[in-house]
1. Identify the single condition in (1) part of a loop (DSSP other than H, G, I, E, B); (2) surrounded by fewer than 22 Cβ atoms within 10 Å (Cβ to Cβ); (3) within 11 Å of the ligand (Cβ to nearest atom) that GLY169 does not satisfy, given that it satisfies every other one.
2. Run down ALA115, ALA124 and say which single residue is buried (at least 16 other Cβ atoms within 10 Å of the Cβ), away from the ligand (no atom under 15 Å from the Cβ) and either modelled with pLDDT of 95 or more or over 26 Å from ALA227 (Cβ atoms) (or both).
3. Condition test on ALA178, is it modelled with pLDDT of 95 or more, crowded, with 16+ Cβ neighbours inside 10 Å, closer than 21 Å to ASP126 by Cα and hydrophobic (A, V, I, L, M, F, W, C)?
4. Right, ASP279: touching a strand residue (DSSP E or B) at 6+ places or on another chain (Cβ under 8 Å), of a type in the set (D, E, K, R) and in contact (Cβ under 8 Å) with a residue 40 or more places away in the chain or not?
5. Would you pick out the residues in segment 221-236 that are under 28 Å from the mean Cα position of the chain (by Cα) and either away from the ligand (no atom under 16 Å from the Cβ) or closer than 21 Å to ARG176 by Cβ (or both)?
6. List the strands (runs of 3 or more DSSP E) that sit entirely inside segment 1-97 and contain at least 3 residues that are touching a residue at least 40 places away in the same chain (Cβ under 8 Å).
7. Of the residues that sit in segment 148-166 and are more than 18 Å from ARG286 (Cβ to Cβ) and within 21 Å of the chain's Cα centre (by Cα), which one is farthest from the ligand (Cβ to nearest atom)?
8. How about segment 105-132: which of its residues are over 15 Å from LEU68 (Cβ atoms) and assigned to a loop (DSSP other than H, G, I, E, B)?
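The values are calculated or read from the model by the stated rules, or taken from the named source; none is laboratory data. Remember, predicted model here, so these are calculated numbers, not experimental data. With ideal geometry, Cβ positions are generated from the backbone for all residues, glycine too; neighbour counts draw on all protein chains shown.
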Amino acid sequence: MALRIVPGSANLPLAAATAAALGLEATSSELERFPDGEIRPVVGDVRGDDAYVIQPTGPGAGDLLVELLLLLDATRRAGARRITAVVPYLGYARQDRRGRDGEALGVKVALSAIAGAGAGRIVALDPHTTALEAMADVPVEVLSALGVLADALAPALEPGAVVVAPDLGAAKLAERLAARLGLGVAVVRKHRVTHSQVLARELAGDVAGHQAVIVDDMISTGATIEAAVQLLAARGARGTAAVAATHGLLVASAAKRLRGLGVDSIVVTDSLLPATGDDEPNITRRSIAPLLASAIGRLHREEPLADLLAAT
Ligand code: R5P
């Protein structure tokens, strides 16, 4: 059974780099667009193969999710023997519980649709919710880019720097990063006012006189990071040396917002393409292609993935 990388249109450079790291070329695929906005992906020859469809689903979560579903269905109908959806950024993962009556469980809907369209397995990377597998009808491998982020951060950090979670949801991520770097941890208690406005209310931990490094799963509008940087300054941190997040969505002028904060560097991965084509000079995108290639290679050969998985 040959290994095939089937790229979706959301991040072609990542799919190509992942294929190259496996010594392959991505399978040819096309995306037709109807005048009314409907999309029709067409996959190349995958008959009898072990196919890995690579498609992050955001920003533009709706269209990109539908494209992923159509690609999975096309891959199944083209006769692939085994199909894995590799979703480096999983849109709708923030809808993992009902905050109030009348809401949907968006992540469960997305996972059911991905499995229903033909994926026998899903690979995700630092998803917003860690409880994916319990909500999916197929096995889910949750990878972590924390090693990639830690390698990028380490050279700029002083001993005594503090890793800061900008909200309670990021506390585990901060603990894991701090353990890798041998640093202390602080946690912000945040309150979201609107989709692009948050308040950082309290800080658990001491940052006075220390360099701070903020870590989160994603930067969307930048509101969470902005509020955390301001709170850290008010609590006497000696500057925010870096902000690290696996997913740089950077929507709604987030890059501009972050530029005004005086943070030395912002490190994200290439799970997503820059929204406007180019990033700001202080934003670095570290590649996860070697990580994806390693996971895909091992799944293909049916070898253990343990050291690549996110510990919960
Ligand atoms: C939410 O809990 C996430 O972990 C992020 O903190 C959040 O989605 C970031 O969004 P924004 O950049 O818009 O504050």
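1. Answer for GLY169: the failing condition is (1).
2. Values: ALA124 fails: away from the ligand (no atom under 15 Å from the Cβ).
Of ALA115, ALA124, the one residue that is buried (at least 16 other Cβ atoms within 10 Å of the Cβ), away from the ligand (no atom under 15 Å from the Cβ) and either modelled with pLDDT of 95 or more or over 26 Å from ALA227 (Cβ atoms) (or both) is ALA115.
3. Details: modelled with pLDDT of 95 or more: yes; crowded, with 16+ Cβ neighbours inside 10 Å: yes; closer than 21 Å to ASP126 by Cα: yes; hydrophobic (A, V, I, L, M, F, W, C): yes.
Yes, satisfied.
4. Numbers: touching a strand residue (DSSP E or B) at 6+ places or on another chain (Cβ under 8 Å): yes; of a type in the set (D, E, K, R): yes; in contact (Cβ under 8 Å) with a residue 40 or more places away in the chain: no.
In short, no.
5. As a first pass, look at segment 221-236 and keep what is under 28 Å from the mean Cα position of the chain (by Cα): 221-233.
Once the filter is applied, which keeps residues that are under 28 Å from the mean Cα position of the chain (by Cα) and either away from the ligand (no atom under 16 Å from the Cβ) or closer than 21 Å to ARG176 by Cβ (or both), segment 221-236 yields THR224, ILE225, ALA228, LEU232, ALA233.
6. Values: elements: 3-7, 29-33, 39-43, 50-54, 82-87.
Filter on segment 1-97 gives 3-7, 50-54, 82-87.
7. VAL164
8. LEU105, ASP126, HIS128, THR129, THR130, ALA131
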